[in-house]
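The values are calculated or read from the model by the stated rules, or taken from the named source; none is laboratory data. Everything numeric in this text was worked out from a predicted model, so none of it was measured. In this analysis, Cβ positions are derived from the backbone assuming ideal geometry, glycine residues included, and neighbour counts consider all displayed protein chains. Areas reflect the complete protein model, heavy atoms only, side chains present, ligands, DNA and RNA absent. Shrake-Rupley method; radii C 1.70, N 1.55, O 1.52, S 1.80 Å.
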Amino acid sequence: MKIKGKHYFTIWYNDKEDNVCIIDQTKLPFSFEIKKLNTYEDGFNAIKSMLVRGAPLIGATAAYSLFLAAKDNEDPDHIIKKIEHIKTARPTAVNLAWATDRIAKSFDRKDIKNSILKECKKICEEDIKISEDIGVEGLKLINSINKDNINILTHCNAGWLATIDWGTATAPIYKARDAGININVWVDETRPRNQGSSLTAYEFQNENINHKIIADNTGGILMQRGMVDICIVGTDRVSKNGDVANKIGTYLKALAAKDNGIPFYVALPSTTYDKKILKGHDIPIEERSDEELKFVTGLDEHDQIKTVNIYPKNSTGLNYGFDITPSDLVTGFITEKGIFKPSELKDVF
Ligand code: MRU
């Protein structure tokens, strides 16, 4: 995807300095900053503090963190320890375990550093292809909506910034734009970290996608008024039966969509399907600090970045990062292999 007309991936190997570059997403939308990861700890902290986020990008960053660990020490036991450690950085997105287990299975004990680097590059290349294929499949769906102007609602950021390129929920949107279809995207702000207003809207501005940011509670009335034709969201983990873990608030959108007869689709790369977990109830849900609820960052009247507390001084909050949307609220999954009903997933992947 492009930022100010220049193409970027969200993570890449920097061969000049033998390190890894990421875009620091905590600085967006106010400042576009590239950060270099030099050590395993840099990679771990980038995931934990959400400089990178989004299930596929968390997986790729974890893989590259193991490359950085191997730069420091090529002992296989050291790498195995780091694999177990990095899995603790964030619990919900299964891509983290998927990518690191893949590194564990593939590294060459005689050439650990280079073999891990090779696998990291492969993981990224495959992710780009998966996302683009999701776009191709999702475009068929958007094409089947017989309207001059199609309104799509999305939640959080399942965009380019959450993957290596294209995004999952946004790939069909970019493909629809390329196909000349008139679209408008309702972008949920996505409290508390505002991934919708600060990341998805930032992507859409840079890619000239027609969009409007809405408060998280607005989707319901838009659906009642016929202003949403389809919902497309991403996911951090889908259990075997098709229950969906995604950013907190997704479930409420799915309920409203069901009540209003609006199709609710989940963009699902095969790397996010977890057959080992039978039901959504067993997916670990990340609980984060209530500081994320209390403090809001923005620009003041002099365009200076400021963080302010919006809670009464002694109030505390509860901050679940994700919720579970039961499979019966999901119309279908847009995957790289086609569009499937929840009950069909287990036979496809
Ligand atoms: O907490 P985040 O920002 O990592 O949550 C991201 C989401 O919930 C995305 O929808 C999900 O990871 C899918 S990304 C293609």
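What stretch of the chain, leaving out the sites themselves, is the longest with no GluC sites (Glu not before Pro) in a DSSP loop having at most 10 other Cβ atoms within 10 Å? Could you put the intermediate results ahead of the total?
On the way: sites that count: Glu17, Glu301.
Formally, the longest exposed-site-free interval is 18-300.
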Where the Cα pairs of region 55-168 fall when distances are cut into 5 Å bins, in %: 2, 12, 19, 19, 15, 11, 8, 6, 4, 3, 1, 1
Amide H proximity to Leu268 below 5 Å, modelled H, separation 5+ or other chain, gives Ile334, Thr335
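Mean separation of Cα pairs under 8 Å and 6+ residues apart, divided by the residue count of the chain: what relative contact order is that in percent? Spell out each step's value before the answer.
Working: 719 pairs, mean separation 55.9, N = 349.
With pairs under 8 Å counted, the relative contact order is 16 percent.
Here are some pairs, Lys118/Lys294; Lys27/Lys71; Lys105/Lys175; Lys294/Lys346; which of them have Cα atoms lying more than 32 Å apart in this structure? Provide the component values of the computation, followed by the final result.
Working: Lys118/Lys294 42 Å; Lys27/Lys71 28 Å; Lys105/Lys175 35 Å; Lys294/Lys346 41 Å.
Correct reply: Lys118/Lys294; Lys105/Lys175; Lys294/Lys346.
Which of rounded, prolate or oblate describes region 34-91 when judged by the alpha-carbon gyration tensor and an a/c cut-off of 1.5?
Values: a/c = 2.19, a/b = 1.43, b/c = 1.53.
The shape class here is oblate.
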Short version: what are the Cα gyration tensor semi-axes of region 227-312, square root of 5 times each eigenvalue, largest first, in whole Å? 32, 19, 13
Whole-Hz couplings from phi, Karplus 6.51/-1.76/1.60, listed for region 164-177; x for Gly and Pro: 9, 7, 6, x, 9, 5, 8, 4, x, 5, 5, 5, 5, 4
Keeping every protein chain present and rolling a 1.4 Å probe, give me the accessible area per residue for region 238-287 in Å². 42 Å²
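Can you give the charge dipole size of the chain about its Cα centre, rounded to the nearest 20 debye, using +1 on the beta carbon of Lys and Arg and -1 on the beta carbon of Asp and Glu? Don't jump to the answer; show the numbers that get you there.
Values: 46 positive and 49 negative charges, 49 e Å.
Using only the charged Cβ atoms, the result is roughly 240 debye.
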Thr92 long-range amide H proximity, modeled H, under 5 Å: Glu286
With DSSP loop assignment and no more than 10 other C-beta atoms within 10 Å, the trypsin sites (Lys or Arg not before Pro) in region 216-315 are Arg225, Lys276, Lys313
Please report, to one decimal in angstroms, the Kirkwood hydrodynamic radius of region 262-310 built from all distinct Cα-Cα pairs. 15.3 Å
Return one whole number: the accessible area per residue of region 1-157 in Å², for a 1.4 Å probe. 44 Å²
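Give, in nm to one decimal, the length gained when the segment between Val308 and Asp282 is fully stretched (0.36 nm per residue of separation minus the Cα-Cα distance). Numbers along the way, then the final one.
Working: separation 26, 0.36 × 26 = 9.36 nm, distance 3.59 nm.
Value of the extension gain: 5.8 nm.
Compute the signed sum of charges (Lys and Arg +1, Asp and Glu -1) over the other residues within less than 14 Å, Cβ to Cβ, of Asp216.
Values: positive: Arg191, Arg193, Lys212, Lys247, Lys253; negative: Asp188, Glu189, Asp323.
Summing Lys and Arg as +1 and Asp and Glu as -1 gives +2.
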Full extension between Thr88 and Thr39 adds, at 0.36 nm per residue less the Cα distance, a length in nm of 15.9 nm
I need the semi-axes of the equivalent ellipsoid of region 106-171: take the C-alpha gyration tensor, multiply each eigenvalue by 5, square-root it, list largest first in whole angstrom. 36, 12, 6
Kindly identify region 147-207 as rounded, prolate or oblate by the Cα gyration tensor criterion: order the square roots of the eigenvalues as a ≥ b ≥ c, call it rounded if a/c is under 1.5, otherwise compare a/b with b/c, prolate if a/b is larger, else oblate. oblate
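Over region 26-73, calculate the relative contact order: mean separation of alpha carbon pairs under 8 Å at least 6 apart, over the residue count, as a percent. Intermediate values should be presented prior to the final figure.
Details: 30 pairs, mean separation 20.1, N = 48.
Relative contact order for region 26-73 comes out at 42 percent.
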Cα lying deepest toward the dipole's positive end in the chain, options Cys231, Ile262, Leu51, charges on Cβ: Ile262
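Suppose all protein chains stay in the model; what accessible area per residue would a 1.4 Å probe give for region 161-212, in Å²? Please list the in-between numbers first.
On the way: 1560 Å² over 52 residues.
About 30 Å² of surface per residue is accessible.
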Share antiparallel - DSSP beta bridges, region 163-296, percent rounded to 5: 20 percent
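Label region 171-233 by shape, choosing from rounded, prolate and oblate, from the square roots a ≥ b ≥ c of the eigenvalues of the Cα gyration tensor; if a/c is under 1.5 it is rounded, and otherwise prolate applies when a/b is larger than b/c, oblate when it is not.
On the way: a/c = 2.31, a/b = 1.18, b/c = 1.97.
It is oblate, given that a/c is not under 1.5 and a/b is not larger than b/c.
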Residue-by-residue Karplus 3J(HN,Hα) for region 140-156, coefficients 6.51, -1.76, 1.60, Hz, glycine and proline x: 4, 5, 5, 4, 7, 7, 8, 8, 6, 9, 9, 9, 10, 10, 10, 10, 6
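Of the accessible area of the chain, with the probe set at 1.4 angstrom, what percent is carbon plus sulfur?
Details: 7510 of 15390 Å².
It is 49 percent, rounded to a whole number.
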Hydrodynamic radius by Kirkwood, which averages 1/r over all alpha carbon pairs of the chain, in angstrom: 20.4 Å
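For region 92-133, what is the Kirkwood hydrodynamic radius in Å, using each pair of distinct C-alpha atoms? All intermediate terms of the calculation are to be shown ahead of the outcome.
Numbers: mean 1/r = 0.0908 Å⁻¹.
Mean inverse Cα-Cα distance, inverted, gives 11.0 Å.
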Cα atoms only: what Rg and Dmax, in Å, come out for region 94-248? 17.6, 63
Amide H to amide H, which residues 5 or more places from Ile214 or on other chains are under 5 Å from it, using H placed in the peptide plane? Val187, Asp188, Glu189
Extent of region 167-295 along each principal axis, from alpha carbon coordinates, in Å, largest to smallest? 41, 35, 30
Nearest-5 percent of antiparallel DSSP beta bridges in the chain? 55 percent
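Counting alpha carbon pairs within less than 8 Å and at least 6 residues apart, what relative contact order, in whole percent, applies to region 162-253? It would help to have the intermediate numbers written out before the result.
Values: 81 pairs, mean separation 21.0, N = 92.
Computed value for region 162-253: 23 percent relative contact order.
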What list of ³J(HN,Hα) couplings, whole Hz, do you get for region 81-92 from phi and the Karplus terms 6.51, -1.76, 1.60, once you set θ to phi - 60° and write x for glycine and proline? 4, 5, 4, 5, 5, 5, 5, 7, 5, 9, x, 7
